[in-house]
Amino acid sequence: MPSMHADNGSGAMFDAIAKRYDLLNAITSMGQDRRWRRQAVRQLRPSDRIVLDLAAGTLDVSVDILRRFSRSSVVAVDPSRRMLLAGRHKLTDPARRGDIAVLTGTAECLPLADSSVDAAIIAFGVRNFSNRAFALAELRRVLRPSGRLVILELTLPRDGFLATSARLYVHRVVPFIGGLISRRGAYAYLPRSMATFPCASAFVAELTSAGFAVERVTRFMAGVCHLFVCRRDKEEVCCGSA
């Protein structure tokens, strides 16, 4: 289970920055975060009637799903209650408010039954999982066979012309801006979490080992962000270890 220390990517850390989270995301991503989220939501299918939005944050992805897919309902799960509360005002259509269930919970112990969702989407949340193997096993458990898993995640470019500039921006500029507007510690955590997250090919290997077939990987902004589109394999796999 995640530690509740406020500077380690836990729910407590995100509780502390919930009020400024959307503003900081827009500034530090230079306005690209919304476009990337929309791209992720487009990977879902109209036949995905029940969608898990894991690490739902301030509900941007959940709201976009409800707007795009009129027959879908969303289960939004996040460890930060304040983040979820901060996003409730975005549900502006009264007719669709009954189509979203907002739950506090962690990726490693999802409050959902086996094979209960048609698809799952995670935007900028996998880096914060305390145990990716456990979390991926939980996602496989709650997804129906052949269910879609869409993951959008920030990554540090390892090489290429823009890698040095990207690293400077993430390591220096982002924590500075975060310190001006919100909690510097929380945004100092961002480059650390990006640096320790595996490269795209290594993460694909993790997904495959966890029982997912990776259908497509898309790179944005010279590798600062990646989109992984997967489906739950029907073959049984061994549980990941801690």
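Within region 230-242, take every residue that is out of contact with any Leu (no Cβ under 8 Å at 6 or more places or on another chain) and modelled with pLDDT of 65 or more and give me the one that is surrounded by the most Cβ atoms within 10 Å (Cβ to Cβ).
Among those that are out of contact with any Leu (no Cβ under 8 Å at 6 or more places or on another chain) and modelled with pLDDT of 65 or more, it is D233.
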Filtered residue count, region 80-119, keeping only those that are farther than 27 Å from D233 by Cβ and in contact with a Pro (Cβ under 8 Å, 6 or more places away or on another chain): 1
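Would you pick out the residues in region 197-215 that are free of Cβ contacts under 8 Å to residues at least 24 places away in the same chain and touching a Phe, Trp or Tyr at 6+ places or on another chain (Cβ under 8 Å)? Please lay out each step first, then the result.
Taking region 197-215 as the starting set, the residues that turn out to be free of Cβ contacts under 8 Å to residues at least 24 places away in the same chain are 198, 201-202, 205, 208, 213-215.
Matches in region 197-215: V214 only.
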Answer from R45, R20 - the residue that is at pLDDT 95 or above and more than 14 Å from C225 (Cβ to Cβ): R45
Scope region 126-161; condition touching an Asp or Glu at 6+ places or on another chain (Cβ under 8 Å), modelled with pLDDT under 95 and of a type in the set (F, W, Y); matching residues: F129
Search result, residues across region 99-133 that are surrounded by fewer than 18 Cβ atoms within 10 Å (Cβ to Cβ), within 24 Å of T155 (Cβ to Cβ) and touching a strand residue (DSSP E or B) at 6+ places or on another chain (Cβ under 8 Å): S130
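Condition test on R34, is it within 15 Å of the chain's Cα centre (by Cα), at pLDDT below 95 and basic (K, R)?
Working: within 15 Å of the chain's Cα centre (by Cα): yes; at pLDDT below 95: yes; basic (K, R): yes.
Spelling it out, R34 is indeed within 15 Å of the chain's Cα centre (by Cα), at pLDDT below 95 and basic (K, R).
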Matching option when the condition is at pLDDT 90 or above, surrounded by fewer than 20 Cβ atoms within 10 Å (Cβ to Cβ), farther than 24 Å from R141 by Cβ and not hydrophobic (A, V, I, L, M, F, W, C), among T196, T218, T208, T164: T218
Residue in region 55-70 that is part of a strand (DSSP E or B), under 21 Å from L154 (Cα atoms) and without any contact (Cβ under 8 Å) to a residue 40 or more places away in the chain present: no
Within region 29-69, considering residues that are crowded, with 18+ Cβ neighbours inside 10 Å and small (G, A, S), the one farthest from L149 (Cα to Cα): S29
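What number of residues within region 118-134 are outside any strand (DSSP E or B) and within 24 Å of D64 (Cα to Cα)? Working first, answer last.
Restricting attention to region 118-134, the residues satisfying the condition of being outside any strand (DSSP E or B) are 124-134.
Right, trim to within 24 Å of D64 (Cα to Cα) and you get 124-129.
Number of matching residues: 6.
The values are calculated or read from the model by the stated rules, or taken from the named source; none is laboratory data. Note that the structure is predicted; figures quoted are calculated from it, not measured. Using ideal geometry, Cβ is built from the backbone for each residue, glycine included, and neighbour counts are taken over all protein chains shown.
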